[in-house]
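The values are calculated or read from the model by the stated rules, or taken from the named source; none is laboratory data. Quick caveat: nothing in here was measured; it's all calculated off a predicted structure. Glycine also receives a Cβ, built like all others from the backbone with ideal geometry; neighbour counts cover every protein chain displayed.
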Amino acid sequence: MQENVGSKDRLARSIVGPALMAMGYIRWGGDRGEVGGLTAIVAGTMLVESAVTRVCPLNALFGLDTREPELVQRDLQAVVSRYGTESISAERLGLRAASSAQ
């Protein structure tokens with residue numbers, strides 16, 4: 001998968017993830033096997049993983065990219081240099097066409 005987590009998003013995930021894991025373990029009964037605590041631990045772990053790898057499957061599912069515009073532009077230029085401009089379309093890049101957004 002392609003990177004889609006920006007630096008501010010990554011910072012937030014690296015703070016919220018461990019906090020959610022700790023709260024799930026200590027406050028919500030994750031250490032005793034309670035569902036709420038275990039769910040918080042899993043969710044926190046997923047946030048930490050996406051902060052480390054800079055890839056979030058939910059961002060990809062919803063078509064979100066929180067990276068800085070310069071990085072997105074750099075990746076687009078790499079696609080153009082590799083495949084040429086004739087192979088680039090909104091559908092191929094996973095973007096919505098302007099008419100479907102209205």
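The single condition among (1) at pLDDT 85 or above; (2) under 20 Å from Leu11 (Cβ atoms); (3) not hydroxyl-bearing (Ser, Thr, Tyr) that Leu61 does not satisfy is (2). Restricting the stretch 9-33 to residues that are small (Gly, Ala, Ser) and buried (at least 19 other Cβ atoms within 10 Å of the Cβ), the residue that is modelled with the highest pLDDT is Gly17. Within the stretch 51-67, the residues that satisfy the criterion of being assigned to a helix (DSSP H, G or I) and out of contact with any helix residue (DSSP H, G or I) (no Cβ under 6 Å at 6 or more places or on another chain) are Val52, Thr53, Pro57, Leu58, Asn59, Ala60, Leu61, Phe62. Exactly one residue out of Glu49, Glu70, Glu3 is surrounded by fewer than 12 Cβ atoms within 10 Å (Cβ to Cβ), among the charged types (D, E, K, R) and on the phi < 0 side of the Ramachandran plot: that is Glu70.
Count of the stretch 78-102 residues, restricted to those that are loosely packed, with under 10 Cβ neighbours inside 10 Å and modelled with pLDDT of 75 or more, is 2.
Within the stretch 3-46, the set of residues being within 12 Å of Thr66 (Cα to Cα) and outside any helix (DSSP H, G or I) comprises Glu3, Asn4, Val5, Gly6.
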